[in-house]
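Asker: Next up is a structure, given as structure tokens.
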Amino acid sequence: MKTGKLSAKIAVITGGSSGIGLATAKRFVEEGAYVFITGRRQAELDKAVAEIGRNVTGVQGDVSNLDDLDRLYKEVETKKGKLDVLFANAGIAEPVPTPDVTPEHYDRTFDINTRGVFFAVHKALPLMKDGGSIIVNGSGAWQKGIPMYAAYAATKAALRSFVRTWTAEFAGKGIRANVISPGPVETPILEGQFGENTDAVKERFKAMVPMGRIGKPEEIASAAVFLASEESSYITGIDLPVDGGLVAV
Ligand code: NAD
């Protein structure tokens, strides 16, 4: 039997009930991993667990709630006793022109996208005993100036900075840390932001991408498999754009 690239690995994927997180959970399981996925809505989570079908546990929780993160890792510890891969993927995007940004929008965006990732990593460390791979889901937006994404892009810039520090701090423990920076990808986050204007916005995004198309969640999942697996054993501290060339030009 062919051995998967993530054979016997234990993985956590935050925001695993839809989009990139769900596609990655499916690939991780296909590659031999056991996966814990999180999400805020129990019904969505149950649906995703049923879709993945095997070697998966759903743990309801909000990444901006520290008690929920503690409960998540307690469950991983009780069930598997260790963690090999963390894909800190959960995030929100709410396009708002800077003059209209409210303190609530600002805090919500940083609480989920930045604080949520920081403490998902912080609290995972005690379970990463024999090395591990930390992957955070950023965005190409951090190095562009895309109108209406001031808070969002800055949350993702912070992730790029976290990973530099973690690379230096965790290398001695055999833990690698990398960012994936997707370009526009066909997931519910796009529709959630633009509603009936989604098609027009997609056309605008396509025009920004040298490859001329929106990405598929599975294409981000492939990059996550690479960074999670031994295929990337000498890679740490990078920002891997998966964006059809968007940030390269
Ligand atoms: P999505 O909306 O399908 O997925 C986001 C997931 O995060 C959902 O499962 C959602 O329930 C979960 N989530 C949101 N807030 C949460 C919270 N507080 N606690 C726990 N879970 C929470 O969209 P997606 O495109 O798959 O987004 C995944 C990641 O990819 C995000 O971090 C996003 O910023 C990033 N990203 C997406 C795109 C894109 O175009 N789709 C581009 C660049 C980066």
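The values are calculated or read from the model by the stated rules, or taken from the named source; none is laboratory data. These numbers were taken from a predicted model, which means no experiment stands behind them. Methodologically, a virtual Cβ is constructed for each residue, glycine included, from the backbone with ideal geometry; neighbour enumeration extends over all protein chains shown.
Listed here are the residues, each with its yes/no results for (1) hydroxyl-bearing (Ser, Thr, Tyr); (2) surrounded by fewer than 20 Cβ atoms within 10 Å (Cβ to Cβ); (3) more than 28 Å from Leu127 (Cα to Cα); (4) in contact (Cβ under 8 Å) with a residue 12 or more places away in the chain.
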site: Ile146; (1), (2), (3), (4): no, yes, yes, no
site: Trp166; (1), (2), (3), (4): no, no, no, yes
site: Lys173; (1), (2), (3), (4): no, yes, no, yes
site: Val179; (1), (2), (3), (4): no, no, no, yes
site: Lys202; (1), (2), (3), (4): no, yes, yes, yes
site: Asp239; (1), (2), (3), (4): no, yes, no, yes
site: Ala248; (1), (2), (3), (4): no, yes, yes, yes
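Asker: Additional query: For the subset of the stretch 192-249 comprising residues that are of a type in the set (S, T, N, Q), more than 27 Å from Val29 (Cβ to Cβ) and touching a helix residue (DSSP H, G or I) at 6+ places or on another chain (Cβ under 9 Å), which member is modelled with the lowest pLDDT? Reasoning before the result, please.
Answerer: Going residue by residue through the stretch 192-249, those that are of a type in the set (S, T, N, Q) are 193, 197-198, 222, 229, 232-233, 236.
Those still in the list that are more than 27 Å from Val29 (Cβ to Cβ) too: 193, 197-198.
Right, trim to touching a helix residue (DSSP H, G or I) at 6+ places or on another chain (Cβ under 9 Å) and you get 193, 198.
Working: Gln193: 84, Thr198: 87.
By that ranking, first place goes to Gln193.
Asker: Check Gly15, Gly32 and return the single one that is more than 20 Å from Ala120 (Cα to Cα) and part of a loop (DSSP other than H, G, I, E, B).
Answerer: Values: Gly15 fails: more than 20 Å from Ala120 (Cα to Cα).
After ruling out the rest, the residue left standing is Gly32.
Asker: I'm told Val63 meets every condition in (1) surrounded by fewer than 21 Cβ atoms within 10 Å (Cβ to Cβ); (2) part of a loop (DSSP other than H, G, I, E, B) except one. Can you identify the failing condition by its number?
Answerer: (1)
Asker: If I ask for residues that are in contact with an Asp or Glu (Cβ under 9 Å, 6 or more places away or on another chain) and assigned to a helix (DSSP H, G or I), which ones from the stretch 174-197 would you list?
Answerer: Once the filter is applied, which keeps residues that are in contact with an Asp or Glu (Cβ under 9 Å, 6 or more places away or on another chain) and assigned to a helix (DSSP H, G or I), the stretch 174-197 yields Gly192, Gln193.
Asker: Enumerate the pairs (first residue in the stretch 215-237 and under 22 Å from Phe162 (Cα atoms); second residue anywhere and in a helix (DSSP H, G or I) and among the aliphatic types (A, V, I, L, M)) with beta-carbon separation below 6 Å, excluding pairs fewer than 6 apart on the same chain, so at least 6 apart or on different chains.
Answerer: Sorted first by the residue in the stretch 215-237, then by its partner, the pairs are Ile220/Ile20; Ala221/Ala23.
Asker: Just one of Leu45, Leu22, Leu69, Leu6 is under 17 Å from the mean Cα position of the chain (by Cα), of a type in the set (A, V, I, L, M) and under 22 Å from Met128 (Cα atoms); which is it? Reasoning before the result, please.
Answerer: Details: Leu45 fails: under 22 Å from Met128 (Cα atoms); Leu22 fails: under 22 Å from Met128 (Cα atoms); Leu6 fails: under 17 Å from the mean Cα position of the chain (by Cα).
Just one listed residue meets the conditions, Leu69.
Asker: Identify all residues within the stretch 102-140 that are surrounded by fewer than 23 Cβ atoms within 10 Å (Cβ to Cβ) and among the aliphatic types (A, V, I, L, M); write none if there are none.
Answerer: Ile112, Val121, Ala124, Leu125, Leu127, Met128
Asker: Listed residues Leu22, Leu6, Leu72; which is within 9 Å of the ligand (Cβ to nearest atom), surrounded by 17 or more Cβ atoms within 10 Å (Cβ to Cβ) and touching a residue at least 24 places away in the same chain (Cβ under 8 Å)? Before you say what the answer is, go through the steps one by one.
Answerer: Numbers: Leu6 fails: within 9 Å of the ligand (Cβ to nearest atom); Leu72 fails: within 9 Å of the ligand (Cβ to nearest atom).
Of the residues listed, the single one that is within 9 Å of the ligand (Cβ to nearest atom), surrounded by 17 or more Cβ atoms within 10 Å (Cβ to Cβ) and touching a residue at least 24 places away in the same chain (Cβ under 8 Å) is Leu22.
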